[in-house]
1. Take His23, His143, His64 and sort them by solvent-accessible surface of the protein heavy atoms, 1.4 Å probe, largest at the top.
2. Compare Leu121, Leu225 by solvent-accessible area with a 1.4 Å probe and give them largest first, with all protein chains kept in place.
3. Could you check the spin-label model distance between Ala56 and Ala31? Points 7 Å from the Cα along Cα→Cβ, value in nm.
4. Just to check I understand the Karplus step: with θ = phi - 60° and J = 6.51 cos²θ - 1.76 cosθ + 1.60, what whole-Hz values come out for region 15-20, glycine and proline as x?
5. Determine the gain in length on full extension of the stretch Glu154-Thr297; use 0.36 nm per residue of separation and subtract their C-alpha separation, reporting nm with one decimal.
6. Just to be sure I understand the model, the point goes 7 Å from the Cα along the line to the Cβ. What's the resulting Ala193 to Arg71 distance in nm?
7. Any lysines with Cα under 19 Å of the Lys185 Cα? List them, leaving off those in the same chain fewer than 8 positions away.
8. Taking amide H positions as placed 1.01 Å from N in the peptide plane, with prolines and chain starts having none, which residues 5 or more places from Glu120, or on another chain, fall under 5 Å of its amide H?
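The values are calculated or read from the model by the stated rules, or taken from the named source; none is laboratory data. Everything numeric in this text was worked out from a predicted model, so none of it was measured. Here the Cβ positions follow ideal geometry from the backbone for every residue, glycine too, while neighbour counts run over all protein chains shown. Side chains are part of the model used for accessible areas, which takes the heavy atoms of the whole protein and leaves out ligands, DNA and RNA. Shrake-Rupley method; radii C 1.70, N 1.55, O 1.52, S 1.80 Å.
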Amino acid sequence: MPLSTDCQIDRMPVHIKITVFEHSIGSEHFAELCKAYPENLLPSGLFRITREPTDARMVQVQKHLAEYGLRPAQMGESSGDDVYWADPVSVPTPKQLAEAEWFSIENMLATRGDRLHNEELEWKVEECEDEGDREHWQETPVHGCYGAAIMVTEQIAEVIRGWEAPELRVQPVHYHTRDWSSNTKVPMEWREAGLEPRFSVASRLTLPLMSETCQPVHRRRGTPLPRGSDEPAAMRRPEGEEQFWCYKQSEVEQMPPFDLAMTHERLGNSSRAPLNHGLVFSRRLTELLSSEDPNITWWPVMFEDE
């Protein structure tokens, strides 16, 4: 299979990724921030902006956060009521994106309210109770999901079902609500919920460990992890900024052709999601999803020779 640019060449420019949790600044300030910069509110309920450190919008956001009494968190510091996360990240050049054949999603780790159970996806209807949440959910054709899956519209699912891609699992999403008197889940049809039918897309394939070029660190503490650890991880360069995922070419070439595969590493940050691995997408799948949802930000997956 054709692979992407070598991990070591064409060093990516470094930007700053700011992540803000609602509890850090309070609901009122968080709403003000999202109203001023609506394009930076993720489906997962986080505020995130990734730009050059001197970019005018980045400077303005940092000024607002300082006015709210927030400061950048230090490496290894827990999420608190007075901090936000400001991480150096590598950003692909147009040339790297044009040459890549495999990609990861930068800005869509997971939405809320979903679980994989027996390889099926469940969605809690209460997550869309607010009119704004419901509208945003309906208008977003592609969601990332806990459990290494994406959730897509029926139109996208039909296209994928027509591919010869035996590793893919395309299944309907099961909606449910909760009966609080008995604390049990109650199945609900999508029409009854007032939502559209959605489908989960997951993979039966797991990639080998990433190459030694990638340094796994604990997603929340920032401390180094051994390769193959089950702890929630982020992949960083030795210099500190988040690393694009990189694999040994010879190891991936031994795998069958695929459109979607899970990372061996756990790359989410939720203790509630033991299957929260990352996903690697083919260019074919990337182009299909981007045609329906142009707001997805893609990172090229890199490969290196022995």
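1. Numbers: His23 100, His143 5, His64 45 Å².
Sorted by accessible area, descending: His23, His64, His143.
2. Numbers: Leu121 0, Leu225 25 Å².
My answer, sorted largest first, is Leu225, Leu121.
3. The answer from the label model is 2.9 nm.
4. Using θ = phi - 60°, the values come out as 10, 10, 10, 9, 10, 10 Hz.
5. So the extension gain works out to 49.3 nm.
6. 4.3 nm
7. Lys124
8. none
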